[in-house]
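Enquirer: Submitted below is the structure of interest, expressed as structure tokens.
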Amino acid sequence: MRIIVKENYEEMSKTAASVVKSQIVLHPDCVLGCATGGTPLGLYRELVKAYQNGDLDFSEACFFNLDEYRDLDPANNQSYAHYMKENFFDHINADPDRIHIPDGMAEDVDAECRRYDADIARHGGIDLQILGIGVNGHIGFNEPNAHFCPDTHKVVLDDSTIEANARYFSSMAEVPTEAITMGIRPILQSKTLLLLANGENKAEAVRSALRGPICPELPASILQLHPNVIIVLDREAARNL
Ligand code: GLP
């Protein structure tokens, strides 16, 4: 596990972007696992800048997102499908046929989850998975639980997650309470994991994930078992290490 601590959010984003840039330059046809949330916004900005400068070509890359809210139309500006278009895909030369996001509107959730896992497997798994971390230690929407869920699955969001995500919605009542998330298996089977965290409110989750026992009550702790993890933190998120 390589832990890189940078002075601030901007430096964290630039360092994380350099990892993704190398991946795309060395393996243009790679499978990139994408995360949402506030944390990777700076990373996506850096990647868009590099594309606009002519330094990156995403046309052969394939994208799999970690998660999507249940019952939010992709056109809803709070859906993760919308987030990805607005912050990344609409500004690069990503091939729409190579963009994969769980369908939060699927009537048959179980079938959708099986389809998503089969799609990931058909593409040979994920080469580089970008991850954020929730204040409760979740990765994707793998919430604290009595066991690790290996497959893509429907999840009922934790109260702390709903509270943390409420800042993006105009009222608490609008915050979705369920989601579809990639399970732990495809995350752990990714060749490289790139976890980003910034801010004081992530410091305890980061400490527990990296230094605490490996347990499903702190899902990110499973990353300790992965042979190739890059953690990029700002100083505040690293303060308890
Ligand atoms: C969200 C996402 C995660 C993200 C995490 C942290 O709800 N499902 O993929 O990593 O919670 O979000 P943020 O970066 O906004 O703190």
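Please treat every number below as a calculation from the coordinates, not as lab data. Just so we're clear, the structure is a prediction, and the values are computed from it rather than from any experiment. Ideal geometry is used to build each Cβ from the backbone, glycine not excepted, and the neighbour counts take in all protein chains shown.
Enquirer: From the P(r) of the stretch 103-151, can you give the percent of Cα pairs sitting at distances over 13 Å? Mind showing how you got there, number by number?
Expert: Numbers: 810 of 1176 pairs.
Taking all Cα-Cα pairs of the stretch 103-151, the fraction more than 13 Å apart is 69 percent.
Enquirer: Right, here's the next one. Please report, for the Cα atoms of the stretch 141-238, the Rg to one decimal and the Dmax as a whole number; what are they, in angstrom?
Expert: According to the Cα coordinates of the stretch 141-238, Rg and Dmax are 14.2, 41 Å.
Enquirer: For the stretch 166-176, just list the computed ³J(HN,Hα) in residue order, Karplus coefficients 6.51, -1.76 and 1.60, θ = phi - 60°, integers in Hz, with x standing in for Gly and Pro.
Expert: So the J values, rounded to whole Hz, are 4, 4, 8, 10, 7, 8, 4, 5, 7, 6, x.
Enquirer: Sticking with this structure for a sec: Residues with amide H under 5 Å of residue 131's amide H, sequence separation 5 or more or different chain, H placed in the peptide plane at 1.01 Å from N; which?
Expert: Result for residue 131 returns 194, 195, 196.
Enquirer: Sticking with this structure for a sec: Counting only other residues whose beta carbon sits under 9 Å from that of residue 79, what net charge do I get with K and R as +1, D and E as -1?
Expert: On the way: positive: none; negative: 68, 73.
That works out to -2.
Enquirer: If you don't mind, another one. Once phi is turned into ³J(HN,Hα) by the Karplus curve 6.51 cos²θ - 1.76 cosθ + 1.60 with θ = phi - 60°, what whole-Hz value does each residue of the stretch 149-160 show in order, with x for glycine and proline?
Expert: Using θ = phi - 60°, the values come out as 9, x, 9, 4, 8, 7, 10, 8, 6, 5, 4, 5 Hz.
Enquirer: Still on this model: Considering only DSSP beta bridges whose two residues both sit in the chain, what percent are antiparallel, to the nearest 5? Please list the in-between numbers first.
Expert: Values: 8 of 30 bridges.
Counting DSSP beta bridges with both partners in the chain, the antiparallel share is about 25 percent.
Enquirer: Order these peptides, 134-142, 187-195, by their mean beta-carbon neighbour count within 10 angstrom, highest first. It would help to have the intermediate numbers written out before the result.
Expert: Details: 134-142: 23.9, 187-195: 20.8.
Answer by packing, highest mean first, reads 134-142, 187-195.
Enquirer: Tell me the mean residue ellipticity at 222 nm calculated for the chain from its helices only (DSSP H runs of n ≥ 4, each -39500 (n - 2.57), averaged over every residue, nearest 500). The partial results should precede the final answer.
Expert: Details: 7 runs with 73 residues, N = 241.
Roughly -9000 deg cm²/dmol at 222 nm, from the helical runs in the chain.
Enquirer: While we're on this one: Distance between Cα centroids, the stretch 145-184 to the stretch 15-81: provide it in whole Å.
Expert: 21 Å
Enquirer: Let me ask something else about it. What is the set of long-range amide H partners of residue 236 at a cut-off below 5 Å, with H atoms built 1.01 Å from backbone N?
Expert: Placed amide hydrogens put 199 under 5 Å from residue 236.
Enquirer: Dividing the alpha-carbon Rg of the stretch 2-213 by 2.2 N^0.38 Å yields what?
Expert: Details: Rg = 16.3 Å, N = 212, 2.2 N^0.38 = 16.8 Å.
That ratio works out to 0.97.
Enquirer: Using r as the Cβ-Cβ distance of residue 21 and residue 188, and R0 as 22 Å, what FRET efficiency do you calculate, to the nearest 0.05? Don't skip to the answer; put the middle values down first.
Expert: On the way: r = 24 Å, r/R0 = 1.09.
The calculated FRET efficiency here is 0.35.
Enquirer: Amide H of residue 76: which non-local residues (sequence gap of 5 or more, or other chain) have their own amide H closer than 5 Å, using H built in the peptide plane?
Expert: none
Enquirer: I've got another one for you. What's the local net charge at residue 188, with K and R +1, D and E -1, over the other residues with C-beta under 15 Å away? Numbers along the way, then the final one.
Expert: On the way: positive: 185, 191; negative: 117, 127, 151.
Surrounding charge for residue 188 is -1.
Enquirer: Then there's this: Note down the magnitude of the dipole of the chain about its Cα centre, charges +1 on Lys and Arg C-beta and -1 on Asp and Glu C-beta and zero elsewhere, to the nearest 20 debye. Numbers along the way, then the final one.
Expert: Details: 21 positive and 36 negative charges, 207 e Å.
Magnitude of the dipole: close to 1000 debye.
Enquirer: What is the total of Lys pairs in the chain with C-alpha atoms under 20 Å apart, excluding same-chain pairs fewer than 8 positions apart?
Expert: 9
Enquirer: Further question on the same structure: Relative contact order for the chain: what is it in percent, counting Cα pairs under 8 Å that are at least 6 residues apart?
Expert: Details: 504 pairs, mean separation 61.0, N = 241.
This gives 25 percent for the chain.
Enquirer: Pick from 69, 51, 116 the residue whose mean-square fluctuation is largest in a GNM of the chain, springs joining Cα atoms under 10 Å.
Expert: 51
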